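Let me begin by presenting the structure, written as structure tokens, before commenting on it.
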Amino acid sequence: MTIDPIPPFVEDVGTNFAYLDPQTKRSIRRAILKAVAIPGYQVPFDSREMPMPPGWGTGGLQVTASLLTPDDTLKVIDQGTDDATNAITIRAFFSKVSGVPMTERTESATIIQTRHRIPETPLNENQILVLQVPQPEPFRRLIPSEKETRKIHALGNYGLMSVMLYENIARLGRVAIAYDYPVRVHDRYLASPSPIPTFDNPKLDNSPALAIFGAGREKRIYAIPPFTKVRSLEFDDYTFTTQSWEARCSLCGSSHTYLEQIGQGDKGSTRYVCSDTYYCKSHAHADEQR
Amino acid sequence: MYLKNSGEDAIKASHRLLAAKRRGDLQVPELSVDQIEQQMSLAVDRVMVEGGLYDRTLAALAIKQSQGDVVEAASLMRATRATLERFGASEPVDPGRMTVQRRISTTHKDIPGGQILGPTYDYTHRLLDFDTAVPEGLEDVADELAPLSEASSDLSLDVHALTGSDFVEVERDERDFSGDADHTDAKSRRSSDRGERLRRLASGDEGFLLGVAYSSMRGYGNTKGLVGEIRYGDVMVEFTVPELGIVVGVGDIELTECQTLHPFFGSRDKAPEFSRGYGLTFGQAERKAISMAVVDRALRGEEFEEEVKYPVQDEAFVLPHADSVSSSGVVQVLKLAHYVHFQGHLQELEALRARHKQNLAPGEEMKE
């Protein structure tokens, strides 16, 4: 793995390349290196206030800003689509302060910043996936105290999460977690995969691409290095399941992607489309050519 | 069929509408940044302290840009601040050497230097004054501020001398508080050091701190506080130049300082005394400074072996949620797309409803 030098100030843009000053980028890169070295471990970092509201992806924004070089090609998606308002705002920001080319093509991107989805197109070893994370601590809803949860991670004492899953099954008959389903990284740290749907969890396992998770408000960065074992929690007699649909995408006909309902306006039948709009488009074209 | 690139155009249109809304009726003269800086100075103060950046002109610009939304303006200041080089930390400011414009004590009638009421709304009637709408007639008052402040400089309040005893908690030197970390630094996520806590309270949302301070006074807390002193005025900021090794004054800033005194009835190790709360803000922000001092004292429960029972006493509750920029961002994130989440919830609810319909016990399998 090579580490690119930090690009300098760009005169014609009027800010540092990719906004952050080199000193801040260096400190974030150090946190990223540590995160890669300890898969799934939440590394504290000095989180700067970005020109977007905290909670809107400022963690991912800082990770991308510190990684970006002029040779990169950036893709930004929000909930699977390149055309969502927040994706457009982030893309416009990086376009202005870095001038790097932007793409919708998943295959062409070297860095993909995403909120709450992993692209359907398989990623490769030359790509970095940057995930925006609202809450990096998988135990936070069970244990509000940071002191306590740090201890739990240090000891690898994760029984409480199994109890929570068990209680779900005992009370509801199933684990009612639709997204942000906790994962065990490289058999060690329990981590939040960020609020991706359970459908996307298997994509993290043994992925050739590096995944970096940035939580700006909570001042934490963690990572899943390429080809790392990632297991969603389950029991011997109750296995982890992901979302699936009987329906197909009404645009591209796909039956193996994450689907979203679209409103019909009248009381007609429910229709579904792919959440990953780029994949849907390329898939539809492929069908046409066939 | 695809909602192709409509988003980008829609966002541009939204920006244009925003600019038009901000400007308002073109028949009405446009506000200048100078006017805001001079005539909306309390809003400027609030934006500076919650934005964590002392620059009156930038704060005034932020207020203009945000149509007077001070929380939005504070977030503009925070983002600006993030781009500035941090070349060093000043010496701790000494409000004891303040050139005061206002300074009162509520625990003693006579204090050395006297009670100085200064500019405040405290003694006004809250009646709409329609003369304020007439843009003239105050020239003769304009130069009254300067001489008052000169005459009343250097009043350091010594509460020990006032009480003539050791009834008041001994103040620790502020240099005891480690480091100069601010709320953007990683370690502030798990702070417990009082100095660091005070720094985070200072940049906290006035409304939130006011609310939790009030909660502690109404019964959701046990701090009975008195204002030992509140003062507002100019304080010199000093910086030690590393290359020269000498301290130089780099300018004056306006500060409001509040010291509260709270009776503490003693524990096994500590004698009964007046314990302290401390508030410090940029500009004139007395409501904020008092709230901060009350909350500071409430958060010191551990030091005084008090049972932590109420939200105001819980640092993990107060500190992160006091930050208006974070709170505003996260609450308003609900306006972003959540299609994926909605779909996920929908699937879960569908599965649970199917079980519910068949009236299944948790362990039971679904019937076909």
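For every residue, the table says whether it meets (1) surrounded by 12 or more Cβ atoms within 10 Å (Cβ to Cβ); (2) modelled with pLDDT under 95.
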position: B:20; (1), (2): no, no
position: B:63; (1), (2): yes, no
position: B:70; (1), (2): yes, no
position: B:81; (1), (2): yes, yes
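Residue by residue, here is whether (1) more than 30 Å from residue A:147 (Cα to Cα); (2) free of Cβ contacts under 8 Å to residues at least 40 places away in the same chain; (3) in a loop (DSSP other than H, G, I, E, B); (4) open to solvent by 50 Å² or more (accessible area, probe 1.4 Å) holds:
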position	(1), (2), (3), (4)
A:211	no, no, no, no
A:214	no, no, no, no
A:217	no, no, yes, yes
A:221	no, no, no, no
A:227	yes, yes, yes, yes
A:231	no, no, no, yes
A:246	yes, yes, yes, yes
A:249	yes, yes, yes, no
A:261	yes, yes, no, yes
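Do we have residue A:125 as within 14 Å of chain B (Cβ to nearest Cβ) and surrounded by fewer than 21 Cβ atoms within 10 Å (Cβ to Cβ) here? No.
Here residue B:10 fulfils each of the conditions (1) modelled with pLDDT of 95 or more; (2) over 30 Å from residue B:249 (Cα atoms) apart from (1).
Scoring residue A:31 on the criteria (1) assigned to a loop (DSSP other than H, G, I, E, B); (2) among the aliphatic types (A, V, I, L, M); (3) closer than 26 Å to residue A:186 by Cβ leaves a single failure, condition (1).
A search for C-beta distances below 8 Å between a residue of the range A:175-186 that is more than 14 Å from chain B (Cβ to nearest Cβ) and any residue that is of a type in the set (D, E, K, R) and in a loop (DSSP other than H, G, I, E, B), counting only pairs 6+ apart in sequence or on different chains, returns A:185/A:229; A:186/A:229.
Scanning the range B:328-366 for residues that are of a type in the set (D, E, K, R) and in a loop (DSSP other than H, G, I, E, B) turns up B:364, B:365. When the criteria are applied in full, residue A:54 fails the requirement of being assigned by the TED database to the domain that holds residue A:192, surrounded by fewer than 23 Cβ atoms within 10 Å (Cβ to Cβ), closer than 21 Å to residue A:192 by Cβ and touching a Ser or Thr at 6+ places or on another chain (Cβ under 8 Å). Any residue that is of a type in the set (A, V, I, L, M, F, W, C) and facing another protein chain (nearest Cβ under 10 Å) - is there at least one of those in the range A:162-170? Checked the range A:162-170: at least one residue is of a type in the set (A, V, I, L, M, F, W, C) and facing another protein chain (nearest Cβ under 10 Å).
All of B:272, B:320, B:311 fail the test of being open to solvent by 20 Å² or more (accessible area, probe 1.4 Å), within 14 Å of another protein chain (Cβ to nearest Cβ) and in contact with a Phe, Trp or Tyr (Cβ under 6 Å, 6 or more places away or on another chain), apart from B:311.
Just one of B:74, B:60, B:79 is under 30 Å from residue A:83 (Cβ atoms) and not in a loop (DSSP other than H, G, I, E, B); which is it?
Working: B:74 fails: under 30 Å from residue A:83 (Cβ atoms); B:60 fails: under 30 Å from residue A:83 (Cβ atoms).
Testing whether each residue is under 30 Å from residue A:83 (Cβ atoms) and not in a loop (DSSP other than H, G, I, E, B) leaves just B:79.
With respect to the conditions (1) assigned to a helix (DSSP H, G or I); (2) in contact with a Phe, Trp or Tyr (Cβ under 9 Å, 6 or more places away or on another chain); (3) more than 9 Å from chain B (Cβ to nearest Cβ); (4) open to solvent by less than 40 Å² (accessible area, probe 1.4 Å), residue A:148 falls short on a single one, namely (4).
I need a count of the residues in the range A:104-122 that are closer than 15 Å to residue A:279 by Cβ and either within 14 Å of chain B (Cβ to nearest Cβ) or among the aromatic types (Phe, Trp, Tyr) (or both).
Within the range A:104-122, the subset closer than 15 Å to residue A:279 by Cβ is A:104-109, A:112, A:114, A:117-122.
After this cut, where a residue has to be either within 14 Å of chain B (Cβ to nearest Cβ) or among the aromatic types (Phe, Trp, Tyr) (or both) as well, the list is A:104, A:114, A:117-120.
Adding up the residues that qualify gives 6.
Here residue A:114 fulfils each of the conditions (1) out of contact with any Phe, Trp or Tyr (no Cβ under 8 Å at 6 or more places or on another chain); (2) surrounded by fewer than 24 Cβ atoms within 10 Å (Cβ to Cβ); (3) of a type outside the set (A, V, I, L, M) apart from (2).
Condition check: at the interface with another protein chain (Cβ under 7 Å from one of its Cβ atoms), surrounded by 11 or more Cβ atoms within 10 Å (Cβ to Cβ) and within 39 Å of the chain's Cα centre (by Cα). Does residue B:331 satisfy that?
Numbers: at the interface with another protein chain (Cβ under 7 Å from one of its Cβ atoms): no; surrounded by 11 or more Cβ atoms within 10 Å (Cβ to Cβ): yes; within 39 Å of the chain's Cα centre (by Cα): yes.
No, not satisfied.
If the condition is being within 13 Å of chain B (Cβ to nearest Cβ), charged (D, E, K, R) and in contact (Cβ under 8 Å) with a residue 12 or more places away in the chain, then the range A:39-94 contributes A:46, A:48, A:78, A:82, A:83, A:91.
Just one residue in the set B:207, B:266 is outside any strand (DSSP E or B), farther than 15 Å from residue B:310 by Cβ and under 18 Å from the mean Cα position of the chain (by Cα); that residue is B:207. Every test in (1) under 20 Å from the mean Cα position of the chain (by Cα); (2) surrounded by fewer than 23 Cβ atoms within 10 Å (Cβ to Cβ) is passed by residue B:341 save one, and that test is (1).
Just the residues that are part of a loop (DSSP other than H, G, I, E, B) and open to solvent by 20 Å² or more (accessible area, probe 1.4 Å), please, taken from the range A:128-145. Working first, answer last.
Quick first cut of the range A:128-145, residues part of a loop (DSSP other than H, G, I, E, B) only: A:133-145.
If the condition is that a residue be part of a loop (DSSP other than H, G, I, E, B) and open to solvent by 20 Å² or more (accessible area, probe 1.4 Å), then A:134, A:135, A:138, A:140, A:141, A:142, A:143, A:144, A:145 are the ones that fit.
The values are calculated or read from the model by the stated rules, or taken from the named source; none is laboratory data. Just so it is clear, the model here is predicted, and its values are computed rather than measured. Here Cβ is always computed from backbone atoms with ideal geometry, including for glycine, and neighbour counts include all displayed protein chains. Surface accessibility is based on the protein's heavy atoms, side chains included, excluding ligands, DNA and RNA. Shrake-Rupley method; radii C 1.70, N 1.55, O 1.52, S 1.80 Å.
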